[in-house]
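First the structure, in the form of structure tokens, and then the observations on it.
The values are calculated or read from the model by the stated rules, or taken from the named source; none is laboratory data. None of the values given here were measured: they were computed from a predicted structure. Note: ideal-geometry Cβ built from the backbone for every residue, glycine included; neighbour counts use all protein chains shown. SASA here: full protein model, heavy atoms, side chains in, ligands and nucleic acids out. Shrake-Rupley method; radii C 1.70, N 1.55, O 1.52, S 1.80 Å.
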Amino acid sequence: MLFNSLDFMIFFPAAVLGYYILPRKIRYIWLLVCSYYFYMSWNPLYALLILTSTILTYLGSRIIGSRKMTSLSVRGKKCVLALVILANLGILIYFKYSNFFLSLLEYLSRKFYIVLSIPKVDVLLPVGISFYTFQALSYSIDVYRGEILPEKNLLKYALFVSFFPQLVAGPVERSKNLLTQIQTIPDRKADPEKIFHGLLYMLWGLFLKMVIAGRIEILVNTVFDSYYRMGGVELIAGAIGFALQIYCDFASYSTIAMGTAEVLGFTLMENFDAPYLSGSIKEFWRRWHISLSSWFRDYLYIPLGGSRCSKARYYRNLLVTFLVSGLWHGAGLHYVVWGGIHGLYQIVGDLIAPLKNRVLIRFHVRTQCFSYRFGQIFTTFLLTDFAWIFFRSPNLDAALGYIRNIVQNFDPWVLFNGRLYKLGIDRFDMNVLLVSIALLVSSDILKYFRKISIVDFLLKQNVLFQYLCIAGMLLAIFIYGAYGPAFDAQAFLYFQF
């Protein structure tokens with residue numbers, strides 16, 4: 001069930017109505033039922049997987065956090081935690097990475113002239129498995145660390161793992177935030193202001209998805225599917241288009257999730273904070289997919305040693321974290337390379353930092369001015385966009401071929417002969433897209449420099465202006481929204497991860 005589908009437009013009001021009509025003490029049970037119904041709308045069998053992960057982490061965490069366990073050694077707790085982690089990762093690896101590792105084994109065997117005929121595993125990737133697995137594991141690790149007490153109510157914990165607004169594509173919530181809110185459901189009343197605020201977030205998210213991401217997807221698919229026939233400028237346009245597509249697509253899901261949760265009285269963590277206005281790769285990762293990047297920081301990077309170690313180990317920790325992050329995104333070498341590139345960016349940036357500072361001082365470069373800041377933003381976007389080519393391409397060979405064609409077939413005359421209007425969308429749609437992107441950039445500038453979201457900015461304006469903007473977004477969604485083939489709702493990109 002997609003946020004931008006007719007099914008959800010029927011499901012969500014019913015879920016909200018039932019939630020506020022029922023007695024507060026049993027509202028969490030209603031949300032649990034709604035969450036499982038929401039997830040089972042893709043495939044009823046998926047519920048068995050999320051239920052298995054829920055029970056494993058619930059029981060394991062109860063054992064780790066029980067009073068009887070305090071008399072056992074630290075090694076005993078570690079063993080229980082290790083079993084919980086291995087069981088959950090085992091499920092994830094089987095469904096997501098089986099064929100990848102089998103193909104890799106077959107490839108390596110050929111390199112050593114060993115002929116192996118390895119059958120492929122016929123499994124479908126369950127929607128959202130990477131997200132809810134990491135969310136459940138973070139809970140068990142937090143219990144082991146003593147940061148939270150184990151939840152005794154299985155149904156409340158099951159709701160934490162399966163909460164439908166963020167179940168399929170995040171944000172990856174922490175138990176200290178979401179589980180605490182679930183525990184205090186009986187203490188909260190309906191807040192009309194929060195409901196209206198949440199609905200505006202949902203509207204803005206739908207605008208990002210249906211007007212920008214859905215439209216630019218056509219251009220991106222046209223370029224990447226036929227990159228071998230495209231010139232350099234067209235390929236650059238496709239790469240820039242994908243950078244905008246994945247941002248609008250993923251940020252739209254997170255924004256709708258935040259709004260959906262707020263209508264129900266919950267507050268989810270922010271997942272994006274104007275990432276393309278970052279002045280460095282390190283800053284980019286503080287602003288892009290914040291819930292996942294902070295997850296890897298807290299549960300992988302810091303346990304490995306973080307930055308409080310020798311330079312060699314620090315660089316190793318960075319590279320390992322980003323390689324695992326790349327693998328998390330997909331079962332393919334091109335995803336691993338994408339993660340490795342971002343790790344190398346940060347390592348190289350740290351290595352050349354002393355030289356860079358000496359150059360700035362030697363040539364009296366002004367760092368507190370627009371031109372320097374613009375140069376930082378432009379360079380960071382350029383590096384990020386280069387890495388996105390590996391992420392979007394179907395495999396590593398295609399990514400390398402894409403980059404090769406940019407260099408070998410660069411034709412600047414494409415900018416003047418109208419060929420850019422033949423990349424799947426016509427001149428009218430291109431103009432709609434450019435106007436919409438201008439609105440997106442304005443929103444991010446507000447967020448980056450004034451620390452205010454476009455929704456909160458809108459609510460500070462006069463009522464007439466507010467309703468004109470709301471009406472404008474609704475019209476844009478209904479008139480200019482891209483609904484996909486035969487007017488079906490388009491899936492979100494991160495559903496495949």
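What do you reckon, is GLU217 farther than 30 Å from TRP388 by Cβ and in contact with a helix residue (DSSP H, G or I) (Cβ under 6 Å, 6 or more places away or on another chain)? Criteria not met by GLU217. Taking the criterion of being farther than 28 Å from GLY205 by Cα and either of a type outside the set (Gly, Ala, Ser) or without any contact (Cβ under 8 Å) to a residue 24 or more places away in the chain (or both), would at least one residue in the stretch 26-40 satisfy it? Scanning the stretch 26-40 turns up at least one residue that is farther than 28 Å from GLY205 by Cα and either of a type outside the set (Gly, Ala, Ser) or without any contact (Cβ under 8 Å) to a residue 24 or more places away in the chain (or both). Considering TYR144, TYR94, TYR113, which residue is open to solvent by 40 Å² or more (accessible area, probe 1.4 Å) and at pLDDT below 80? The match here is TYR113.
Scanning the stretch 281-328 for residues that are under 20 Å from the mean Cα position of the chain (by Cα) and of a type in the set (D, E, K, R), we see that the one that is farthest from ILE341 (Cα to Cα) is ASP298. When the helices (runs of 4 or more DSSP H) confined to the stretch 1-93 are screened for residues that are under 21 Å from SER175 (Cβ atoms), those reaching at least 2 such residues are found at 27-40, 46-65.
Does LEU344 qualify as being modelled with pLDDT of 95 or more, under 24 Å from the mean Cα position of the chain (by Cα), of a type outside the set (Gly, Ala, Ser) and open to solvent by 50 Å² or more (accessible area, probe 1.4 Å)? Criteria met by LEU344. Criterion applied to LEU154, LEU178 was being open to solvent by less than 60 Å² (accessible area, probe 1.4 Å) and either over 17 Å from LEU31 (Cα atoms) or not aromatic (Phe, Trp, Tyr) (or both), and the one residue passing it is LEU178. Of all the residues in the stretch 260-285, those that are over 19 Å from PHE131 (Cα atoms) and assigned to a helix (DSSP H, G or I) number 9. Filter the stretch 258-275 for residues that are under 17 Å from the mean Cα position of the chain (by Cα) and among the charged types (D, E, K, R); which is most open to solvent (accessible area, probe 1.4 Å)? That would be GLU270.
For the residues ALA251, ALA237, ALA243, the requirement of being part of a helix (DSSP H, G or I) and modelled with pLDDT of 95 or more singles out ALA243.
Every residue, every condition in (1) surrounded by 14 or more Cβ atoms within 10 Å (Cβ to Cβ); (2) of a type outside the set (Lys, Arg); (3) touching a Leu at 6+ places or on another chain (Cβ under 9 Å), yes or no:
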residue: ASN4; (1), (2), (3): yes, yes, yes
residue: PHE8; (1), (2), (3): yes, yes, yes
residue: TRP30; (1), (2), (3): yes, yes, yes
residue: TYR37; (1), (2), (3): yes, yes, no
residue: THR52; (1), (2), (3): no, yes, no
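Pairing residues of the stretch 227-239 that are under 14 Å from VAL407 (Cβ atoms) with residues that are at pLDDT 90 or above and among the acidic types (Asp, Glu), at Cβ distances under 9 Å and at least 6 apart in sequence or on separate chains, gives TYR227/GLU234; ILE236/ASP385; ALA239/ASP385.
Within the stretch 332-352, residues that are acidic (Asp, Glu) reach partners that are open to solvent by 30 Å² or more (accessible area, probe 1.4 Å) with beta carbons closer than 8 Å, at six or more positions or on different chains, in the pairs ASP350/TYR315.
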